[in-house]
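Data block below; observations after.
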Amino acid sequence: MKDMLHEFGVSMGYQKAWRTREKALELSRGKPEDSYQQLPMYLHMLKKENPGIVTELITDKKNMFKYMFLALSNSIRGCIHCRPVIVVDGTFLKTTYGGTLFTTLTMDANNHILILAFGIGDSENDSSREWFFHKLRDIFGEREGMTIISDQHKSIKKAVATVYPNIFHGACIFHLLNNIKVNFGAHEEDLTLNFVKTTKTYNTKSFEGYMSELDKIDSRIRLYL
């Protein structure tokens, strides 16, 4: 709206500006549904040019997009040399048709992040999450000492319990801390400091010391954790 007014002296409302923007994007990029139709060809070319890459595209009974999975060959080869700790997360896609992007990563001995796989589902529900984890297990397998870290999303917890029944599933301390701030309205610097120290100590005495500091902030935090 500001650009049109500044450059051309044309004043327009929000809705007209939005429709104009969407039309311009369609002219330059094409329609979203046309992009979905190109996915099979795109994934085919990825596999052709990158030997060892794993992709899968799932459609429903009407041949409409449902799930997609992608794991690069470098990630598949490199995973065995990384720590047996896998972090999984999901984020909403702000597109015409929505959906959720699933990500999985690990860290190597130099603390560098290695992306293992991407997935796209209709939403972060039980079915899509379980399908994604089955693909992960089929490709990367299970390792001794393997641990999965995530937020406390119910679909992730169910999928891990189903697909990896023998794997330890830990909670991400970043999400836990945010949950504490939201649930108990506590935002003091002492909260963050003592919480992080509590999660990273390996000594019972120091653990209880940090926990007692959290008790002073709000006695309900201990029970919640």
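The values are calculated or read from the model by the stated rules, or taken from the named source; none is laboratory data. All values derive from a computational prediction rather than experimental measurement. Positions of Cβ are backbone-derived with ideal geometry, glycine not excepted, and every protein chain shown enters the neighbour counts. Quick note on the areas: whole protein, heavy atoms, side chains included, nothing else; ligands and nucleic acids left out. Shrake-Rupley method; radii C 1.70, N 1.55, O 1.52, S 1.80 Å.
Structure above, values below:
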| read-out | value |
| --- | --- |
| Of all residues in the stretch 189-225 being acidic (Asp, Glu) and open to solvent by 60 Å² or more (accessible area, probe 1.4 Å), the one that is nearest to Gly170 (Cα to Cα) | Glu208 |
| Cross-chain or 6+ apart pairs with Cβ under 8 Å, the stretch 94-108 first and among the acidic types (Asp, Glu), then surrounded by 12 or more Cβ atoms within 10 Å (Cβ to Cβ) and part of a loop (DSSP other than H, G, I, E, B) | Asp108/Cys82; Asp108/Arg83 |
| Condition met for Tyr67 (in contact with a strand residue (DSSP E or B) (Cβ under 6 Å, 6 or more places away or on another chain) and closer than 30 Å to Cys172 by Cβ) | yes |
| Residue selected from the stretch 80-103 under the condition open to solvent by less than 40 Å² (accessible area, probe 1.4 Å) and more than 14 Å from Ile149 (Cα to Cα), by the criterion modelled with the highest pLDDT | Cys82 |
| Glu213 touching an Asp or Glu at 6+ places or on another chain (Cβ under 7 Å) and at pLDDT 90 or above | yes |
| Sole exception among (1) of a type in the set (S, T, N, Q); (2) in contact with an Asp or Glu (Cβ under 6 Å, 6 or more places away or on another chain); (3) over 20 Å from Ser155 (Cβ atoms) for Thr103, by number | (3) |
| Selection count, the stretch 24-49, where residues are closer than 27 Å to Lys62 by Cα, surrounded by 12 or more Cβ atoms within 10 Å (Cβ to Cβ) and aliphatic (A, V, I, L, M) | 3 |
| Residue check, Ile120 on the phi < 0 side of the Ramachandran plot and open to solvent by less than 60 Å² (accessible area, probe 1.4 Å) | yes |
| Qualifying residue in the stretch 159-173 (condition: part of a helix (DSSP H, G or I) and open to solvent by 90 Å² or more (accessible area, probe 1.4 Å)) | no |
| The stretch 125-134 - residue that is in contact (Cβ under 8 Å) with a residue 60 or more places away in the chain and open to solvent by less than 30 Å² (accessible area, probe 1.4 Å) and, of those, nearest to Ile115 (Cα to Cα) | Phe132 |
| Failed condition for Arg21, given (1) in a helix (DSSP H, G or I); (2) free of Cβ contacts under 8 Å to residues at least 40 places away in the same chain; (3) open to solvent by less than 100 Å² (accessible area, probe 1.4 Å); (4) out of contact with any Ser or Thr (no Cβ under 8 Å at 6 or more places or on another chain) | (3) |
| Answer from Ile113, Ile149, Ile139 - the residue that is free of Cβ contacts under 8 Å to residues at least 40 places away in the same chain and hydrophobic (A, V, I, L, M, F, W, C) | Ile113 |
| Options Thr106, Thr55; residue that is among the β-branched types (Val, Ile, Thr), open to solvent by less than 50 Å² (accessible area, probe 1.4 Å) and touching a helix residue (DSSP H, G or I) at 6+ places or on another chain (Cβ under 6 Å) | Thr55 |
| Yes/no for Glu189 being touching a residue at least 40 places away in the same chain (Cβ under 8 Å), farther than 30 Å from Tyr97 by Cβ and of a type in the set (Asp, Glu) | no |
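Residues checked against (1) of a type in the set (Ser, Thr, Tyr); (2) outside any loop (DSSP other than H, G, I, E, B); (3) under 22 Å from Lys47 (Cα atoms):
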{"position": "Lys66", "(1), (2), (3)": "no, yes, yes"}
{"position": "Phe69", "(1), (2), (3)": "no, yes, yes"}
{"position": "Asn74", "(1), (2), (3)": "no, yes, yes"}
{"position": "Arg77", "(1), (2), (3)": "no, yes, yes"}
{"position": "Val87", "(1), (2), (3)": "no, yes, no"}
{"position": "Tyr97", "(1), (2), (3)": "yes, no, no"}
{"position": "Leu105", "(1), (2), (3)": "no, yes, yes"}
